[in-house]
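Just below is one structure, and these are the notes that go with it.
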Amino acid sequence: MTPSPHCIDLATATVRELNQRLHHLTADGDPGIWRVLNPAGGHAIAVGLNAPVTVEIDGHVGYYCAGMNKSASVRINGNAGVGVAENMMSGLVHVRGDASQAAGATAHGGLLVIDGNASARCGISMKGIDIVVKGSIGHMSAFMGQAGTLTVLGDAGEALGDSLYEARLFVRGSVASLGADCVEKEMRDEHRAVLHARLEAAGLAGEVDVSEFRRYGSARGLYHFHVDNVY
Amino acid sequence: MDHTNIPRTVPRKSATFDDYTLSEIRRAAATGLYDIRGAGTKRKLPHLDDLLFLGASISRYPLEGYREKCGTNVVLGGRFAKKPIEIRIPITIAGMSFGSLSAQAKEALGRGASAVGTSTTTGDGGMTAEERGHSSTLVYQYLPSRYGMNPDDLRKADAIEVVIGQGAKPGGGGMLLGQKISPRVAAMRTLPQGIDQRSACRHPDWTGPDDLEIKIQELREITDWEKPIYVKVGAARPYYDTALAVKAGADVVVLDGMQGGTAATQEVFIEHVGIPLLAAIRPAVQALQDLGMHRKVQLIVSGGIRNGADVAKCLALGADAVSIGTAALVALGDNDPALAADYAALGTVPGAYDDWQDGRDPAGITTQDPALATRLDPEKAGRRLANYLSVLALEAQTIARACGKSHVHNLEPEDLVSLTIEAAAMARVPLAGTDWIPGAGRY
Ligand SMILES: Cc1cc2nc3c(=O)[nH]c(=O)nc-3n(C[C@H](O)[C@H](O)[C@H](O)COP(=O)(O)O)c2cc1C
């Protein structure tokens, strides 16, 4: 690949320089497509983006890649460390490999697609993000999830949806166990429509049958402090 | 023996099973739930009252009160932040959430603090436009719940405070009961209205000091290394927590003693977890000194600060500034005797009202009820707070001048003695009239 003006090689540039340049981009004008080479597991790559820029990262990233993303599309052609797309507000983050813990943690919006597996606490405290994981997810995923959807084509680990608020969980494979106050819920047409829309957004329309999924949500039993709710 | 004439002992209540304890046993037996309340510890603890200043004497030269200069300004965040903040007095307003407090109370805090050139702090639940608008310097808390957390407000903040714990409940998360989850509070926190809300006790995307370092790096990257980053801990293991916060890259460490107020926590937590502020300051300062970071990383302490003497004592023990919560609420109008009839209707008395979790505050401060909240006039309450903050600064200056200091930061442990052996050991200053510091040389 030939380096373009929009190519930053982290073998020579620092993460600081990369982020500073990306932060200078604004919504007016075309922020274009940016390529990042040799991320080498670096942390905080492409964080705090605030413009509809496309960033392609060729390699593995460390913690918090695309953290607090707003408007940007970030594609990681590799694996992602802890907290990828944490607290994302809008935009798209696509991990072509696997993701570590706390993927999409506390995120308020946008779409996070993980082609591989995601580790523990995927979608922890999620607040409106849509997460689609093509592989499986680890334990305590969607812990205290408040809003948004978590769609998993593979299996879910233990204590799925523990202390869940209003986030909606769709799992195609097995669930090792449900966390406190998380229950399986009936899959009605409205839910199938929501799931279909998420799969479509993740580029999986027609590839996956929504009827193979089960839906999980909050029993809302922990919504009020009561002696019978104490764990 | 004449059995009619035996003197009887007077009825005697148990010191162990006192009236409060008995009433709590009955309450627990009736409900099956622990007691939740606001405010800080209520029992007597070793505190700053147990210390005294020595003032000047033949060997020490005082400064003239009122006339000779005695500086009170503090610069926070010079270690890494491109834009450190400067406050005019060494007293800041602690983080208290919109949700626990009314919008009017938050506005009043901003007005009062800004009038005297100091900072306010958001809280669990995000930043409101009112408090940003009325606070000249606003610290934005980054809490485990991340309620309302967003990059736009992060960029609007003057500093960022990563909250790990609070003195009232080190190791505990937050709670906001359904009565206070109004439509606005619910929307800001992305929660259903009216539910009893829990805030997580741990950060969702990092564990331990090595992760914290990376988290701080991320926050700095998002904000282009402009903003000071504070790390707030409840006083539990202050030496190690301070050292680890410094190692993780903090510009400022905020240390909150067990007396510190809270909006809503279990009584058992408030009274039994954590250590008093008096015992926490010296180990934290020691950690900074051992790392060569004293005065480079600033230390802000809180938990039961009430007057300028408390401020001066904290500074003399090595803190750079203090922070106040409860006292600021009282200055706004909390627990005002003028509201005695309203407190009586709630089954309590002025001075004892601590049901800040309940949302029925007659002073309009710890409530989301629109009718109650409008009882607080943010301008007048802000002026009261500004007056009170000025008094704290003047009192601290008075003491500093008496000790011959041209800046309140020149106060030092050598200016202090203690009244009790326990305070001498905790604050590492000699028992008054002796040169005895229990445990000295053996921390
Ligand atoms: C009503 C109220 C709400 C509080 N909310 C928060 C909060 O959201 N985040 C936080 O870190 N501390 C919170 N605190 C604790 C204060 O930041 C501070 O640590 C404490 O009030 C200091 O002790 P003091 O009240 O004795 O001055 C709150 C305290 C009160 C009284």
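Residue separation of B:A56 and B:V268 scaled by 0.36 nm, minus their Cα-Cα distance, works out to 72.0 nm of gained length. Give me the net charge of B:L278's neighbourhood, meaning all other residues with Cβ under 15 Å from the Cβ of B:L278; Lys, Arg count +1, Asp, Glu -1. It works out to a net charge of +1. Counting only DSSP beta bridges with both residues in chain B, the antiparallel share comes to about 30 percent. Residues B:T72, A:T26, ranked from the fewest to the most other C-beta atoms within 10 Å, line up as A:T26, B:T72.
Here B:K405 is the anchor, and the aspartates and glutamates within straight C-alpha reach of less than 12 Å, apart from those fewer than 8 places off in the same chain, are B:E64, B:E68, B:D415. Charge tally for A:M144 (other residues, Cβ to Cβ under 15 Å; Lys, Arg +1; Asp, Glu -1): +1.
Computed from phi, the 3J(HN,Hα) profile of region B:242-255 under the Karplus parametrisation 6.51, -1.76, 1.60 (θ = phi - 60°) reads 5, 4, 6, 5, 5, 4, 6, x, 5, 8, 9, 10, 10, 10 Hz, with x in place of Gly and Pro. Taking every C-alpha pair closer than 8 Å and separated by at least 6 residues, the mean separation divided by the residue count of chain B gives a relative contact order of 23 percent.
Evaluating kT/(6 pi eta Rh) at 25 °C and 0.890 mPa s, with the Kirkwood radius of chain B over Cα pairs in the Stokes-Einstein relation, gives 109 µm² s⁻¹.
The lysines within cross-link reach of B:K42, meaning a Cα-to-Cα straight distance under 30 Å and a gap of 8 or more places when in the same chain, are B:K13, B:K106, B:K169, B:K180, B:K232, B:K313, B:K380. Per residue of peptide A:153-163, the mean number of Cβ atoms on other chains within 10 Å of the residue Cβ is 0. Under 5 Å between amide hydrogens, built in the peptide plane, is the criterion, and for B:T92 it picks out B:V322, B:S323, B:I324 among residues at least 5 positions away or on other chains.
Residues whose amide H falls under 5 Å from that of A:W34, counting only those 5 or more places apart or on a different chain, are A:T54, A:V55, A:E56, with hydrogens built in the peptide plane. With neighbours defined as other Cβ atoms within 10 Å of a residue's Cβ, the residues A:M68, A:M126, A:M187 order from fewest to most as A:M187, A:M68, A:M126.
Protection proxy ranking of A:136-147, B:368-379, by the mean of other Cβ atoms within 10 Å over each peptide's residues and highest first, is A:136-147, B:368-379.
For a label point 7 Å from the Cα of A:K185 along Cα→C-beta, name the residues of region B:175-217 whose backbone N is under 15 Å from it. In region B:175-217, the label zone of A:K185 (backbone N under 15 Å from the point 7 Å along Cα→Cβ) covers B:191-193. Neighbouring Cβ atoms from other chains, within 10 Å of the Cβ of residues in B:148-160, number 3 on average. Under the rule of at least 5 residues apart or a separate chain, name every residue whose amide H is placed under 5 Å from the amide H of A:V93. Residues meeting the amide H criterion: A:V74, A:L111, A:L112, A:V113. Going 7 Å from the Cα of B:E86 toward and past its Cβ, which residues in region B:94-134 have a backbone nitrogen under 20 Å from where you end up? From region B:94-134, the list is B:113-120. Along region A:102-113 the Karplus relation, 6.51 cos²θ - 1.76 cosθ + 1.60 evaluated at θ = phi - 60°, assigns HN-Hα couplings of 6, 5, x, 4, 6, 5, 8, x, x, 10, 10, 10 Hz to successive residues, with x for each Gly and Pro. Using R0 = 41 Å, the C-beta based FRET efficiency linking B:V349 and B:I421 works out to 0.75.
Distance distribution P(r), chain A, all Cα-Cα pairs, bin width 10 angstrom from 0: 9, 34, 32, 17, 7, 1, 0 percent. DSSP bridge analysis restricted to chain A gives an antiparallel fraction near 15%, rounded to the nearest 5. Ellipticity at 222 nm from helices only: DSSP H runs of n ≥ 4 in chain B, each -39500 (n - 2.57), divided by the residue count, give -10000 deg cm²/dmol. The 3J(HN,Hα) values that the Karplus relation (6.51, -1.76, 1.60; θ = phi - 60°) gives for region A:65-78 are, in residue order, 4, 6, x, 6, 4, 9, 6, 7, 10, 10, 10, 10, 8, x Hz. Gly and Pro appear as x. Placing a label point 7 Å from the Cα of B:N307 along the Cα-to-Cβ direction, the residues of region B:408-424 whose backbone N falls under 19 Å of that point are B:416-420. Counting every other Cβ atom within 10 Å of each residue's Cβ, A:S163, B:S406, B:S57 order from fewest to most as B:S57, B:S406, A:S163.
Here each label is just a point 7 Å from Cα along the line to Cβ, and for B:L22 and B:A338 those points are 3.8 nm apart. Which of rounded, prolate, oblate describes region A:2-54, given a ≥ b ≥ c as roots of the alpha-carbon gyration tensor eigenvalues and a/c under 1.5 marking rounded, otherwise prolate only if a/b is larger than b/c? Oblate, because a/c is 1.5 or more while a/b does not exceed b/c.
When only alpha carbons are used to place a centre, region B:158-186 and region B:362-432 end up 23 Å from one another. Of all beta bridges that DSSP places with both ends in the protein assembly as shown, some 20 percent have antiparallel geometry.
Peptide A:60-68 is shielded by partner chain Cβ atoms: per residue, an average of 4 of them sit within 10 Å of its Cβ.
Using the Cβ-Cβ distance between B:D2 and B:A432 with R0 = 41 Å, the FRET efficiency computed as 1/(1 + (r/R0)^6) comes to roughly 0.15.
Any read-out appearing in this document is the output of simple, stated calculations on the displayed coordinates, not a laboratory observation. The structure presented is a predicted model; accordingly, all values stated were derived computationally and were not measured. With ideal geometry, Cβ positions are generated from the backbone for all residues, glycine too; neighbour counts draw on all protein chains shown.
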